[in-house]
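Student: One structure is given below, represented as structure tokens, and several questions about it will come after.
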Amino acid sequence: MTDIIKLPATGAEAGLPKHERLRMYLIRELTEGRLVPGNALPTEVELAAAAGMSRNTVRQALAELQRNGVIRRVPGCGTFVHESAMERLKPGLNLFALVIPETRAGYYPSLQCGVREAADKLLGQVIVCDSGNDPLRQADILLKLMDTKVAGIALV
């Protein structure tokens, strides 16, 4: 992979910043099977030389991939394709649903806060559904959520 990296010079990607084109190149390598989960990536210096860009530009592309959970960096060992990279690249909503009987009383506000913090770590969003402690309404909410591509549902 440390051969010359050919980033698009024409077309839709050509107008994008270099770090974005490198990020898209690495994702393409993964989706087309040339990189597989667990593979080590070349060093920042090697990637910079192969792509003809600065190390800071490479670092910016890798930081974005790391934030999205596609790669993981192990200090002193290197940068690796994350084991669940393919799952994280699948299109769809990264939406989590919390179905609770009430939103403002008891421990429910702190529960909502905890779920939001966990979703933030996964770059996801949370939808809070207030069932009003009505089992029929709760069932209706669950049926609607099943039709939506949610990553997970917490039911209280």
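Student: Restricting attention to segment 45-102, and to residues there that are among the aliphatic types (A, V, I, L, M) and in a loop (DSSP other than H, G, I, E, B), which single residue is modelled with the lowest pLDDT? If you could, list the steps in order and put the result at the bottom.
Tutor: Here is the first cut: in segment 45-102, the residues among the aliphatic types (A, V, I, L, M) are 45, 47-51, 53, 58, 61-63, 65, 70-71, 74, 81, 85-86, 89, 93, 95, 97-100.
After this cut, where a residue has to be in a loop (DSSP other than H, G, I, E, B) as well, the list is 53, 70, 93.
Working: Met53: 93, Val70: 91, Leu93: 58.
Out of the qualifying residues, it is Leu93.
Student: Follow-up question, since we're still on this one. Can you tell me which condition Ala14 does not meet? The list is (1) open to solvent by less than 60 Å² (accessible area, probe 1.4 Å); (2) in contact with a Phe, Trp or Tyr (Cβ under 9 Å, 6 or more places away or on another chain); (3) more than 30 Å from Lys144 (Cβ to Cβ), and all the others hold.
Tutor: (2)
Student: Can we say Lys149 is of a type outside the set (Ser, Thr, Tyr), more than 20 Å from Leu22 (Cα to Cα) and in contact with a Gly (Cβ under 7 Å, 6 or more places away or on another chain)? Walk me through it before giving the result.
Tutor: Details: of a type outside the set (Ser, Thr, Tyr): yes; more than 20 Å from Leu22 (Cα to Cα): yes; in contact with a Gly (Cβ under 7 Å, 6 or more places away or on another chain): yes.
Judged against the criteria, Lys149 is a match.
Each row is one residue, and each column tells you yes or no for (1) free of Cβ contacts under 8 Å to residues at least 24 places away in the same chain; (2) closer than 25 Å to Asn94 by Cα.
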{"site": "Ala14", "(1), (2)": "yes, no"}
{"site": "Glu20", "(1), (2)": "no, yes"}
{"site": "Met24", "(1), (2)": "yes, yes"}
{"site": "Thr31", "(1), (2)": "no, yes"}
{"site": "Gly69", "(1), (2)": "no, yes"}
{"site": "Arg72", "(1), (2)": "yes, yes"}
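Student: If you don't mind, another one. Is there any pair linking a residue in segment 128-151 that is over 23 Å from Arg104 (Cβ atoms) to one that is exposed (fewer than 12 other Cβ atoms within 10 Å of the Cβ), with Cβ under 6 Å and at least six apart or on different chains, and which?
Tutor: Note: pairs meeting the criteria are Lys149/Gly92.
Student: For segment 108-126, which positions are under 26 Å from Ala85 (Cβ atoms), among the hydrophobic types (A, V, I, L, M, F, W, C) and surrounded by 15 or more Cβ atoms within 10 Å (Cβ to Cβ)? Please lay out each step first, then the result.
Tutor: Going residue by residue through segment 108-126, those that are under 26 Å from Ala85 (Cβ atoms) are 115-126.
Those left that are additionally among the hydrophobic types (A, V, I, L, M, F, W, C): 115, 118-119, 122-123, 126.
Val115, Ala119, Val126, listed by residue number.
Student: Here is a list: Pro75, Pro101. Which entry is out of contact with any Gly (no Cβ under 6 Å at 6 or more places or on another chain), open to solvent by less than 80 Å² (accessible area, probe 1.4 Å) and not polar (S, T, N, Q)? Walk me through how you get there before you give the answer.
Tutor: Values: Pro75 fails: open to solvent by less than 80 Å² (accessible area, probe 1.4 Å).
Only one candidate qualifies: Pro101.
Student: On the basis of being touching a helix residue (DSSP H, G or I) at 6+ places or on another chain (Cβ under 7 Å) and surrounded by 18 or more Cβ atoms within 10 Å (Cβ to Cβ), does Val81 make the cut?
Tutor: On the way: touching a helix residue (DSSP H, G or I) at 6+ places or on another chain (Cβ under 7 Å): yes; surrounded by 18 or more Cβ atoms within 10 Å (Cβ to Cβ): yes.
Yes: the conditions hold for Val81.
Student: For segment 92-121, how many residues meet the condition of being farther than 13 Å from Val150 by Cα and in contact (Cβ under 8 Å) with a residue 24 or more places away in the chain?
Tutor: Taking segment 92-121 as the starting set, the residues that turn out to be farther than 13 Å from Val150 by Cα are 100-118, 120-121.
Now drop any that are not in contact (Cβ under 8 Å) with a residue 24 or more places away in the chain, which leaves 100-103, 108, 111, 115.
Total meeting the criteria: 7.
The values are calculated or read from the model by the stated rules, or taken from the named source; none is laboratory data. Predicted, not measured: the structure shown is a model, and the values here were computed from it. A quick note on method: Cβ atoms are made from the backbone with ideal geometry, for glycine too, and the neighbour counts reach across all protein chains shown. The accessibility values were calculated without ligands, DNA or RNA, using every heavy atom of the protein model including side chains. Shrake-Rupley method; radii C 1.70, N 1.55, O 1.52, S 1.80 Å.
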